[in-house]
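Quick notes on the structure that follows.
The values are calculated or read from the model by the stated rules, or taken from the named source; none is laboratory data. For clarity, every value in this text was computed on a predicted model and none was experimentally measured. No Cβ is skipped: glycine too gets one built from the backbone with ideal geometry, and neighbour counts run over all protein chains shown.
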Amino acid sequence: MKTALVVDDDSYWRRIFSDMLQERGFKVYHASDGVEGITKAIKYKPDLVVVDYILPKVNGTYVVRFLRSNPAFKNAGIVLVSFSDDLINEYWAQEYGADLFIKKIDGPESAQKKMENFLIVEFSSEKNLEVLSEKETVEMLLNVIDEELRKEKINRDFLELVERVDDESYVMRRIWNMLLKFVKIESMYVMLVTPSMGRIYAFSARFEPINHLILKEKLLGVLRKPVTPSDWRLGGNVRFSKEGEEPVLSYHRVIEKREEELGVLAFEGLDKAEKRKLVSLLKDTHGSLSVLFRTMNLFWDYKIAADVDALTGLLVKKVVLSKLEEYTKLLSRQGVIFSVAMLDIDDFKKVNDTYGHVKGDEVLEKIGEIISSTIRETDVAGRYGGEEFLIIFPGSGEDEAKAAVERILEGVRNFDWQSLGVGKLTMSAGVAQAREGMTVTEIIEMADKALYEAKRSGKNRCVIYKGGGPS
């Protein structure tokens, strides 16, 4: 005869499940707390165990983990029951080791239907295995509880990092340091991806330069459906270089939630024992990591949506002015020079009047692409308003900034505008080098005056502001 054990401190539900199983030919044992449940499970070795999530003395998840860690219950059926899915759900029930999750709030009829479908499969315990002594049972239970507490702690630590998603570099360092407490890792590589922004972080105990192009290719290669972010950022404690070492990955895990690939964790320098520990740890914390990764990706998407002009892909005015304020303070405090350029599309009104505003938007989009592809990664470009753009060149004097702007003007001048259905276009620009003590408004006014002079003297050119007069 098949045997079952119902572990629940609620007498009503004990009776519900008992009647349900007895009708199907099971001999049913009962327990009202976790300790009694474990004791009777060891004594009777039931083929099926129904365990409530919240129990006196020992929680239901510990009971499930304990049973699954015992070879006698390797093929036994385990059902985890909870009043609702507020505290635990089907996913976590399976992660703990249960075969089925039932919500009491759905009522006895729903529970009975789920149980009927579940019992189509044959479950059985190993009756012939030697019964554990009381001491061995206690030791095994303590080991299970200790392991569960460790998992709960690191899962909680990962979830607490959600509060710091505004500082993603900090979050990545914390993950690196947390994993080092459990596993000996030589290097860790993290990639997070959304269509708007891809981020790669590298942490290593060796501090050798890493070839980021090869690393990016390898990390994207493990995704089933790799996206192509419009921009990339690099971080970590490792220097990236095109001439750097090629990373040799020992293990990787794709972090995903509901089949949405959020990113990748990859590692280098793992021996077999450390790899087994890491695989187990990441499996136990995958749910928390997926929540953290998804939150970081959402934060970046919202941040970019708020900070980036949807049409040109450049920063919005308030953001580029905020950046200009930062560089003004750096100039004052540390003497870090910078220059500013104001650019304007020549006769843009004619484009809208002649070809319509839809074509005008296409022109602005293409201008944004030309600017983005021409400036350095350290330069800051934004749409200042309408057809006017502001670019900050950190560490550059006026001559170097002018040379960079000339490359943009040349790109606009040489682009095949007929491919967009409009006539030839040009831009004019004014450049000014910031001086210590100047305000943001004063710096912009200098660049604007130089832009005015460029327009006045024939357009399609760049002019530097020279105090008494532009040149």
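Here's the yes/no breakdown for (1) assigned to a helix (DSSP H, G or I); (2) within 38 Å of the chain's Cα centre (by Cα); (3) under 13 Å from Val340 (Cβ atoms):
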{"site": "Glu377", "(1), (2), (3)": "no, yes, no"}
{"site": "Gly382", "(1), (2), (3)": "no, yes, yes"}
{"site": "Ile392", "(1), (2), (3)": "no, yes, yes"}
{"site": "Ala401", "(1), (2), (3)": "yes, yes, yes"}
{"site": "Ala404", "(1), (2), (3)": "yes, yes, yes"}
{"site": "Leu425", "(1), (2), (3)": "no, no, no"}
{"site": "Gly430", "(1), (2), (3)": "no, no, yes"}
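Tell me, which residue of segment 342-366 that is among the hydrophobic types (A, V, I, L, M, F, W, C) and surrounded by 19 or more Cβ atoms within 10 Å (Cβ to Cβ) is nearest to Val308 (Cα to Cα)?
Looking at the filtered set, the residue picked out is Leu364.
What pairs come up if the first residue lies in segment 222-234 and is of a type outside the set (Asp, Glu), the second is modelled with pLDDT under 85 and surrounded by fewer than 14 Cβ atoms within 10 Å (Cβ to Cβ), and their beta carbons are under 8 Å apart, counting only those six or more places apart or on different chains?
Every condition considered, the pairs that remain are Val227/Pro195; Thr228/Pro195; Pro229/Pro195; Ser230/Pro195.
Take the residues in segment 338-368 that are of a type in the set (Phe, Trp, Tyr) and assigned to a helix (DSSP H, G or I), then tell me which one is nearest to the chain's Cα centre (by Cα).
Filtering segment 338-368 down to residues of a type in the set (Phe, Trp, Tyr) leaves 338, 348, 355.
With the extra rule that they be assigned to a helix (DSSP H, G or I), the set shrinks to 348, 355.
Numbers: Phe348: 40, Tyr355: 42 Å.
The residue in question is Phe348.
Quick check, is Leu330 touching a helix residue (DSSP H, G or I) at 6+ places or on another chain (Cβ under 7 Å) and closer than 28 Å to Lys466 by Cβ? Reasoning before the result, please.
Details: touching a helix residue (DSSP H, G or I) at 6+ places or on another chain (Cβ under 7 Å): no; closer than 28 Å to Lys466 by Cβ: yes.
When the stated conditions are applied, Leu330 does not pass them.
What's the total number of residues in segment 269-300 that are surrounded by 14 or more Cβ atoms within 10 Å (Cβ to Cβ) and within 11 Å of the chain's Cα centre (by Cα)?
Adding up the residues that qualify gives 11.
If you check Val35 against the conditions, is it over 20 Å from Tyr12 (Cβ atoms) and of a type in the set (Val, Ile, Thr)? First the steps, then the outcome.
Working: over 20 Å from Tyr12 (Cβ atoms): yes; of a type in the set (Val, Ile, Thr): yes.
Judged against the criteria, Val35 is a match.
Tell me which of these Leu80 doesn't satisfy, since it passes every other one: (1) buried (at least 16 other Cβ atoms within 10 Å of the Cβ); (2) within 30 Å of the chain's Cα centre (by Cα).
Checking Leu80 against (1) buried (at least 16 other Cβ atoms within 10 Å of the Cβ); (2) within 30 Å of the chain's Cα centre (by Cα), the one that fails is (2).
Looking only at segment 242-268, which residues are surrounded by 16 or more Cβ atoms within 10 Å (Cβ to Cβ) and either assigned to a loop (DSSP other than H, G, I, E, B) or not assigned by TED's automatic domain parsing to the domain that holds Glu168 (or both)?
Across segment 242-268, the qualifying residues are Gly244, Pro247, Leu249, Ser250.
Go through segment 157-172 and report how many residues are without any contact (Cβ under 8 Å) to a residue 60 or more places away in the chain and either crowded, with 19+ Cβ neighbours inside 10 Å or outside any loop (DSSP other than H, G, I, E, B) (or both). Step through it out loud before you land on a result.
Keep residues of segment 157-172 that are without any contact (Cβ under 8 Å) to a residue 60 or more places away in the chain, which gives 157, 160, 163-164, 167, 170.
Those still in the list that are either crowded, with 19+ Cβ neighbours inside 10 Å or outside any loop (DSSP other than H, G, I, E, B) (or both) too: 157, 160, 163-164, 170.
Matching residues across segment 157-172 total 5.
Examine segment 324-341 for a residue that is among the small types (Gly, Ala, Ser), surrounded by fewer than 20 Cβ atoms within 10 Å (Cβ to Cβ) and over 20 Å from Glu442 (Cβ atoms), and state whether such a residue exists. Quick ask: steps written out before the conclusion?
In the first step, residues of segment 324-341 are kept if they are among the small types (Gly, Ala, Ser); the result is 332, 335, 339, 341.
Filter again for surrounded by fewer than 20 Cβ atoms within 10 Å (Cβ to Cβ), leaving 332, 335.
Narrowing further to those that are over 20 Å from Glu442 (Cβ atoms): none.
Looking for residues that are among the small types (Gly, Ala, Ser), surrounded by fewer than 20 Cβ atoms within 10 Å (Cβ to Cβ) and over 20 Å from Glu442 (Cβ atoms), one finds none in segment 324-341, hence no.
Looking only at segment 129-149, filter to residues that are more than 38 Å from the chain's Cα centre (by Cα) and part of a helix (DSSP H, G or I); which one of those is modelled with the lowest pLDDT? It would help to see each step written out before you state the result.
At the first step, the residues of segment 129-149 found to be more than 38 Å from the chain's Cα centre (by Cα) are 129-139.
The next check asks that each one be part of a helix (DSSP H, G or I); those that pass are 134-139.
Values: Glu134: 60, Lys135: 66, Glu136: 68, Thr137: 66, Val138: 63, Glu139: 68.
It comes out as Glu134.
Mind listing whichever residues of segment 208-230 are among the charged types (D, E, K, R) and exposed (fewer than 14 other Cβ atoms within 10 Å of the Cβ)?
Glu208, Glu217, Arg224, Lys225
Just one of the numbered conditions (1) under 18 Å from Ala450 (Cα atoms); (2) in a loop (DSSP other than H, G, I, E, B); (3) in contact with a Ser or Thr (Cβ under 7 Å, 6 or more places away or on another chain) is not true of Arg435; which one?
Evaluating Arg435 over (1) under 18 Å from Ala450 (Cα atoms); (2) in a loop (DSSP other than H, G, I, E, B); (3) in contact with a Ser or Thr (Cβ under 7 Å, 6 or more places away or on another chain) leaves (3) as the failure.
Go through segment 1-83 and tell me which helices (runs of 4 or more DSSP H), entirely inside it, have 3 or more residues that are over 15 Å from Ala98 (Cβ atoms). Talk me through it step by step, then tell me what you get.
On the way: elements: 11-22, 34-44, 60-69.
It comes to 11-22, 34-44.
Please determine, by comparing only the residues of segment 85-128 that are among the hydrophobic types (A, V, I, L, M, F, W, C) and more than 39 Å from the chain's Cα centre (by Cα), which one is farthest from Asp52 (Cα to Cα).
Ile120
Go through segment 274-312 and give me each residue that's of a type outside the set (Lys, Arg), part of a helix (DSSP H, G or I) and farther than 24 Å from Asp166 by Cα. It would help to see each step written out before you state the result.
From segment 274-312, those of a type outside the set (Lys, Arg) are 274, 278-282, 284-293, 295-302, 304-312; that's our starting set.
Narrowing the set further to residues that are part of a helix (DSSP H, G or I) leaves 274, 278-282, 284-293, 295-302, 304-307.
Result: Glu274, Leu278, Val279, Ser280, Leu281, Asp284.
Can you find, within segment 1-50, the residue that is surrounded by the most Cβ atoms within 10 Å (Cβ to Cβ) among those that are of a type in the set (Val, Ile, Thr) and over 17 Å from Phe123 (Cβ atoms)? Working first, answer last.
Filtering segment 1-50 for residues of a type in the set (Val, Ile, Thr) gives 3, 6-7, 16, 28, 35, 38-39, 42, 49-50.
With over 17 Å from Phe123 (Cβ atoms) added as a condition, the list becomes 16, 35, 38-39, 42.
Working: Ile16: 20, Val35: 17, Ile38: 26, Thr39: 14, Ile42: 20.
Here the answer is Ile38.
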